[in-house]
Structures are given as C-alpha cells and as structure tokens.
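K.L.:
The structure that follows is given in the form of structure tokens.
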Amino acid sequence: MYKVKGADNNEYGPISADQVRLWIRENRLNRQSLVENVDAPGWKTLGEFPEFADALGAPMAGTIPAGGAPGPAAYADPQTTRAAALSSVKGPAIAIMVWGWIYVAISLFGIVKALLIDTSATREQAVTQLNAVPDFPFKDGLVNYMGYAMAHPVLVNSLPILMGLLIAFGALQMLRLRHKWLAWIVVILVTQPCYPCCCLPTAFGIWAIVVLCKQEVKDSFE
C-alpha cells in the first residue's frame, strides 16, 4: 500500500499498487510525484520505485498539473471513494443476505415438517399425479428422490442449509467490502435459477454484478 503527497502537501491514501498504476496512466502521477510505501516509511519520487517503472514508461496522453505532482482535485479521496462503494454495495448485499437466511429457514422448515408430519399420503398423491402424466421425463428418478428425501430429510436438507449460510456470510463480507472472491462466488450462487421464487435471488445477483463491476467498488475491496 502507498501514500501520495499532492502539490498542496496533503496526503492521499493508503492506495494499492494497482491504483497507483491507474493514476499514472491517467497522468495524475508522474516521476516527480512524492510517494511513500507504508511498509517502508520515507517519501521518495515515484521514479525511484522500480515496481512502477513499466507504468511510468508509457503514460496516457494528458496534462500534468503544475509542480510535478497532482493537486487535490486530481484525486478521488480514498475515504470518499470507499464511502461511495459501501453505499453502492449496501442494497444488493443486504438483499442477498436476507435471501440466504430465508433459504436456511425454508430448509429447516422442510426438516421439521418431515420429522413431525406424516408425509406418506402426500408422497402417494404426488406419485399418482406423476403417473397420470404420460411420458413424463425422469419419472422414476424423481419418484425415488421424493422417497429418499422423505426418509432422510436431515441429510437431504443439509446442503441447502450450508449453501444458505454461505450466501449470508458472503453477503456480509460484501457489505464490508472484504474478500472480493467470496462476493463473486455468492453472486454466482444466487443467480442460479434453482430456488423457490427463483426470480428474486436472480434479480439480486444481477444487481450485485452491476455494482461489483463499478471501478470504485473494485478498488475499495480489501
């Protein structure tokens, strides 16, 4: 992580190396800009950092601010950027988190229902309805699964419970702008059309994808 000193002598950061390279490409920084590595305190010109030599070799066309270093207007304040990113992810993250807990509740209800209520009559009725449909695909497999699910409700509902907990936890990390990889895993899970009322989580997932693709959100993840 790095800090940058503007022409106004104000410090900006900490920011990542990728953000430094982005500002170089945008001509917000040049070789004379004052930069400090937070792990090795001490201000140096950007040209003294070998890790940025490749980026400094091919900047985008533009105007370098007077004084050799950018002024405050050249920067998006990292704290302001993070606040904007937190505001952007709040909506989809909370929606996905709530859905994760709803999915857990639905699965737990399935377990309780199977344990406390005799579902054999319901199963027989469902089998009769399936048999009434000619050439129903995967009929035997579906009937066998229904019987297994009613005989072993805890085992069958364990995976949905774990998935719901993972979704809720991942959404919480998204809300805190932590673990970008986990946020994307959760988004992929909720966009799959395999849930009751599946249009809701799919819509939440698409909403989250749009937000996670925003530059300020990508830059703000820890």
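No value in this document is a laboratory result; all are computed from the given coordinates. Note that the structure is predicted; figures quoted are calculated from it, not measured.
K.L.:
Could you name the lysines in cross-link range of LYS180, using Cα to Cα under 26 Å and dropping any fewer than eight places away on the same chain?
P.N.:
List returned: LYS3, LYS90, LYS214, LYS218.
K.L.:
State the extension gain, in nm to one decimal, for the chain segment bounded by LEU116 and THR45, taking 0.36 nm per residue of separation less the distance between their alpha-carbons.
P.N.:
18.4 nm
K.L.:
Continuing with this model, one more query. Quick one: which residues, 5+ away or cross-chain, put their amide H under 5 Å from the amide H of ASN27? H built at 1.01 Å from N.
P.N.:
MET60
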